[in-house]
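The values are calculated or read from the model by the stated rules, or taken from the named source; none is laboratory data. This structure is a prediction, so every number in the text was calculated from the model and none was measured. No Cβ is skipped: glycine too gets one built from the backbone with ideal geometry, and neighbour counts run over all protein chains shown.
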Amino acid sequence: MPSDLEERPYKLYRSAPRGLRARLRGEEDVLSSDDGGAGRGPRQPRIRERGGWAIARRVLKWVLIAVVAWLLLSLVLFLISAQIQSSGVPNSAKNALSSGPNMITGTDTVLVIGTDQRPKGSKEPGANTNDAGSRSDTLMLWRIGGGTSRRLSIPRDTLVAIPGYGTSKINAAYAYGGPALTIKTVEAFTGIKINHVIIINLANFPKFIDAIGGVDVKTGRICSNISGGVKNGGFSLNLRPGVHHLDGRDALTLARTRENACNPASNDLTREGYQQQILNGIKSSLLSPYAFFHLPWASWYAPEAVRSDMGGFTLLSLFIGSELGGSAPTRILGENNLPLQDATSPAGQAIVRRDVDRLMNG
């Protein structure tokens, strides 16, 4: 008979895997032994302290998942909205455009048009609520892509040759033949091929500005009353000299301000300078925390603020190209030889060639 003092054989059992709750608390399945050898007693489970790196990693993982989901939602809304808005540009305008590279690796020329059309229901006296017959309030050439971002505003009263209509102010081209004739007119007097067109939608422009949290613009003293001011159904804006954070309504009012009661020297060229500042302000605001937390709304309103031949992915490449190109300096056609009233004269043509060369080549 074996002695009771002899060591009896035994089996070593490993504990079952921990459940999900135990894992979330930071417990491990690893078994430990003080003596490190088999046959000296079963190893006991070791419990890792709760908190610390395990919890931090879990929090970081869910934050990253939430950020990716937020970005994907914003991208989907942007693409859907852009596809809807691309149908708003007539085929005649699309056919007048020239093909170009993508705006991430290559450089395109975009014509930005702002018309004097007002949204339906506008209380402004004499407001034109139809696109047909509207004139272009704003014309801007934007050379963008491949790390480039340069802009050139064209004063709306500049005299040019409008194909089929003789010499007239350039803003009349839109009234005569819409965006298609405007594209042809700009190409004819600048010699630049236009790759894309953007037509600003005044009704939705303030919604987009508000969705990104407004824009910062530096101005002089502003005393603006458009269409009789607020009391008469129009718009009013009063600003002291300095940097201002503007909401959508005030940004639109500044972009439309030609006459400034506090500065009689203000004119259409002053307004175009403010318009370019607003575009730079939009670019800066897109990178703000406010814009990130409102990204789905901004993504939906961004295409709604414009009508363009560009679909969602092309518009997306424009925004990326804008970020890569940095803030463009303010440039206005003929700004060093004011006023440029006649682009058809020899002197005017020389100014156009000079400024166009700066736009294309820097």
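Odds and ends about this structure:
- Verdict on Ser92 being at pLDDT 90 or above, in contact with a Ser or Thr (Cβ under 9 Å, 6 or more places away or on another chain) and not hydrophobic (A, V, I, L, M, F, W, C): no
- Residues of the stretch 334-362 satisfying the condition of being within 18 Å of Lys169 (Cα to Cα), modelled with pLDDT of 85 or more and in contact with a strand residue (DSSP E or B) (Cβ under 6 Å, 6 or more places away or on another chain): Gly348
- Selection from the stretch 83-118 of residues that are closer than 30 Å to Pro155 by Cβ, assigned to a helix (DSSP H, G or I) and of a type in the set (A, V, I, L, M, F, W, C): Ala93, Ala96
- Single unsatisfied condition, Ser345 versus (1) of a type in the set (S, T, N, Q); (2) surrounded by 13 or more Cβ atoms within 10 Å (Cβ to Cβ); (3) out of contact with any Ser or Thr (no Cβ under 9 Å at 6 or more places or on another chain): (2)
- Subset tally (residues that are under 15 Å from Thr219 (Cα atoms) and in a loop (DSSP other than H, G, I, E, B)) for the stretch 231-241: 2
- Looking at the stretch 242-299, the helices (runs of 4 or more DSSP H) lying wholly inside it that each contain 3 or more residues that are modelled with pLDDT under 90 and charged (D, E, K, R) sit at 268-285.
- For the stretch 274-311, filtering for residues that are of a type in the set (Ser, Thr, Tyr) and buried (at least 17 other Cβ atoms within 10 Å of the Cβ) leaves 5.
- Unmet criterion (only one of (1) of a type outside the set (A, V, I, L, M, F, W, C); (2) at pLDDT below 85; (3) more than 23 Å from Gly273 (Cβ to Cβ)) for Asp309: (2)
- For Gly233: the one exception among (1) closer than 27 Å to Asn95 by Cβ; (2) in contact (Cβ under 8 Å) with a residue 60 or more places away in the chain: (1)
- One residue from Arg240, Arg271 being over 20 Å from the mean Cα position of the chain (by Cα), basic (Lys, Arg) and loosely packed, with under 14 Cβ neighbours inside 10 Å: Arg240
- Candidate set from the stretch 143-184 (those that are among the aromatic types (Phe, Trp, Tyr) and free of Cβ contacts under 8 Å to residues at least 60 places away in the same chain); member that is surrounded by the most Cβ atoms within 10 Å (Cβ to Cβ): Tyr176
- Failed condition for Glu49, given (1) assigned to a loop (DSSP other than H, G, I, E, B); (2) of a type in the set (D, E, K, R); (3) loosely packed, with under 10 Cβ neighbours inside 10 Å; (4) at pLDDT 50 or above: (4)
- Checked against (1) in contact with a helix residue (DSSP H, G or I) (Cβ under 9 Å, 6 or more places away or on another chain); (2) modelled with pLDDT under 85; (3) within 29 Å of Leu286 (Cα to Cα); (4) among the small types (Gly, Ala, Ser), Ser74 meets all criteria but (2).
- Lone unmet requirement of (1) crowded, with 21+ Cβ neighbours inside 10 Å; (2) touching a residue at least 60 places away in the same chain (Cβ under 8 Å) for Thr257: (2)
- Residue list for the stretch 75-85, restricted to those being touching a residue at least 40 places away in the same chain (Cβ under 8 Å) and surrounded by fewer than 19 Cβ atoms within 10 Å (Cβ to Cβ): Leu75, Leu79, Ile80, Gln83, Ile84
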